[in-house]
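Some notes on the structure that comes next.
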Amino acid sequence: MQAPAFYFPIQNGKYEVKPGFFPLDTHFGNGRQDSSLFQLDSDFQYYRRQKLKSRSEKLEKYFCTDQIEGKTLSAAVALIIEQLCADYKNYFKLDSTHWQYTTLECSLTSEKLIFDRQWRLIESEADVNPPYHHVLDALASQIQEDLALLQFDSAYGNRLVAIHLCFPNHWGAESKIANNFTTIHKPVPGIDNINKKSSALLKAVVDKGPMVRFAWGLSTDKRLNHHPQPAEGQDQSLWHGRKFNANDPCLFMRVERQVCWGLHQSQSLLFTINTRFIDCHEIKKNRHRLSQLISAISSMSKESLNYKGLDEDKSAIINWLRRPN
């Protein structure tokens with residue numbers, strides 16, 4: 001399989017809270033991966049194991065739904081399968097010859113998923129615990145991304161109706177489900193201007209085509225799952241992370257590639273999160289990137305530093321970054 005794509009989303013040396021949308025066909029130096037909704041690469045099996053680990057711990061902690069309209073679910077499932085089969089023909093085969101059902105063969109997981117004509121999951125040939133009972137759970141387990149589905153309606157404006165979040169970054173799926181965009185993002189410092197325009201912004205994404213944006217932060221480990229509630233038997237402080245040790249420095253840039261794909265017919269939006277890590281030891285070897293990172297950290301407000309878990313370690317981190325390898 002292909003090597004993982006690389007993104008370094010600090011464009012001007014400033015930490016900014018902004019939409020930052022690019023058309024999905026924008027080139028960032030990763031070839032066809034840049035324009036793909038999903039990115040499957042040589043790290044797939046690791047991400048797969050971590051997803052199964054999260055699911056087996058407590059599925060409802062990582063996968064939640066709330067009153068998804070049938071047309072919304074069908075549109076999202078159809079898009080996911082269409083994109084997987086188009087971009088990864090060697091790994092996904094769709095058989096629609098039977099008049100009652102459709103079968104998706106997933107060679108990366110050796111699983112077979114069977115759907116009815118409305119894309120509801122009928123059956124799965126998969127050795128997973130717990131078993132798949134929902135089509136979004138089954139499909140999210142075939143990819144490296146986390147998924148969220150936002151539905152527009154007259155009563156709520158917009159509402160998060162499904163989320164499959166096995167790799168949370170210090171927030172949990174169960175605390176966001178059934179909320180609207182504004183409520184979901186309210187804890188983010190500096191988000192007020194975006195929240196005021198959120199309805200128009202989301203509609204624009206649906207109308208103008210798929211968009212991609214990037215988010216980043218710093219982590220003292222490469223743990224994908226940083227749910228606020230640690231798994232049973234896990235040490236709270238170790239699970240939480242975000243504690244920098246200058247005497248034994250371990251620091252990573254956690255980068256999220258986020259794709260927003262509007263579904264016109266169902267007036268909904270599919271949102272994907274692909275999480276990557278860049279070792280800051282490697283960033284230190286590149287003078288330009290190092291300068292951008294130090295500048296971006298230095299530009300953060302006190303509130304943003306606290307939200308990102310950097311308030312206590314900012315100075316120690318910057319001093320270490322400036323120190324020669």
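The values are calculated or read from the model by the stated rules, or taken from the named source; none is laboratory data. Every value quoted in this text rests on a predicted model; they were computed, and no experiment measured them. Please note: Cβ atoms are built from the backbone with ideal geometry, for glycine as well, and neighbour counts cover all protein chains shown.
Scanning region 86-114 for residues that are outside any strand (DSSP E or B) and aliphatic (A, V, I, L, M) yields Ala86, Leu108.
Among the residues of region 28-46, is there at least one that is within 30 Å of Ser299 (Cα to Cα), touching a residue at least 12 places away in the same chain (Cβ under 8 Å) and among the hydrophobic types (A, V, I, L, M, F, W, C)? Walk me through how you get there before you give the answer.
Filtering region 28-46 for residues within 30 Å of Ser299 (Cα to Cα) gives 28-30, 34.
Right, trim to touching a residue at least 12 places away in the same chain (Cβ under 8 Å) and you get 28-30, 34.
Those left that are additionally among the hydrophobic types (A, V, I, L, M, F, W, C): 28.
Yes, there is a match, as at least one residue in region 28-46 is within 30 Å of Ser299 (Cα to Cα), touching a residue at least 12 places away in the same chain (Cβ under 8 Å) and among the hydrophobic types (A, V, I, L, M, F, W, C).
Among the numbered conditions (1) of a type outside the set (Lys, Arg); (2) modelled with pLDDT under 95; (3) part of a loop (DSSP other than H, G, I, E, B), the only one that Trp239 does not meet is (3). Residues that are touching a helix residue (DSSP H, G or I) at 6+ places or on another chain (Cβ under 9 Å), over 30 Å from Glu57 (Cα atoms) and hydrophobic (A, V, I, L, M, F, W, C) within region 155-196 comprise Ile191, Ile194, listed in sequence order. With respect to the conditions (1) modelled with pLDDT of 95 or more; (2) farther than 16 Å from Pro9 by Cβ; (3) under 23 Å from the mean Cα position of the chain (by Cα); (4) not hydrophobic (A, V, I, L, M, F, W, C), Arg276 lacks only one, and its number is (2). I need the full set of residues from region 284-325 which are within 23 Å of Tyr7 (Cβ to Cβ), of a type in the set (Lys, Arg), modelled with pLDDT of 90 or more and surrounded by 12 or more Cβ atoms within 10 Å (Cβ to Cβ), in order please. Across region 284-325, the qualifying residues are Lys284, Arg289.
Taking region 308-323, which residues are farther than 19 Å from Ser237 by Cβ and either in a helix (DSSP H, G or I) or in contact (Cβ under 8 Å) with a residue 40 or more places away in the chain (or both)? Talk me through it step by step, then tell me what you get.
Narrowing region 308-323 to residues farther than 19 Å from Ser237 by Cβ: 314-315, 318-323.
The answer is Lys314, Ser315, Ile318, Asn319, Trp320, Leu321, Arg322.
Every condition in (1) within 24 Å of Leu251 (Cβ to Cβ); (2) part of a loop (DSSP other than H, G, I, E, B); (3) out of contact with any His (no Cβ under 9 Å at 6 or more places or on another chain); (4) not hydroxyl-bearing (Ser, Thr, Tyr) is met by Pro228 except one, and the failing one is (3). The single condition from (1) buried (at least 22 other Cβ atoms within 10 Å of the Cβ); (2) free of Cβ contacts under 8 Å to residues at least 60 places away in the same chain that Asp207 fails is (1). Residues that are out of contact with any His (no Cβ under 7 Å at 6 or more places or on another chain), surrounded by 13 or more Cβ atoms within 10 Å (Cβ to Cβ) and touching a residue at least 60 places away in the same chain (Cβ under 8 Å) within region 106-145 comprise Leu108, Thr109, Val128, His134, Val135, Leu139, Ser141, Ile143, Gln144, Glu145, listed in sequence order. Can you find even one residue in region 65-81 that is in a loop (DSSP other than H, G, I, E, B), crowded, with 17+ Cβ neighbours inside 10 Å, of a type in the set (Val, Ile, Thr) and in contact with a strand residue (DSSP E or B) (Cβ under 6 Å, 6 or more places away or on another chain)? Yes, that holds for at least one residue. Taking the criterion of being surrounded by 17 or more Cβ atoms within 10 Å (Cβ to Cβ), under 21 Å from Asp66 (Cα atoms) and of a type outside the set (A, V, I, L, M, F, W, C), the only residue of region 180-197 that qualifies is Asn180.
Among the residues of region 308-325, write down those that are of a type outside the set (S, T, N, Q) and more than 15 Å from Thr220 (Cα to Cα).
Arg322, Arg323, Pro324
So for region 102-109 (the condition being farther than 30 Å from Leu310 by Cα, modelled with pLDDT under 95 and touching an Asp or Glu at 6+ places or on another chain (Cβ under 9 Å)), does at least one residue qualify? No, region 102-109 contains no residue that is farther than 30 Å from Leu310 by Cα, modelled with pLDDT under 95 and touching an Asp or Glu at 6+ places or on another chain (Cβ under 9 Å). Residues that are closer than 14 Å to Val135 by Cα and surrounded by 22 or more Cβ atoms within 10 Å (Cβ to Cβ) within region 54-64 comprise just one, Phe63.
Name the single residue, out of those in region 138-189 being of a type in the set (Asp, Glu) and not in a loop (DSSP other than H, G, I, E, B), that is nearest to the chain's Cα centre (by Cα). Result: Asp146. Of all residues in region 268-291, those being out of contact with any Lys or Arg (no Cβ under 9 Å at 6 or more places or on another chain) and among the polar types (S, T, N, Q) number 2.
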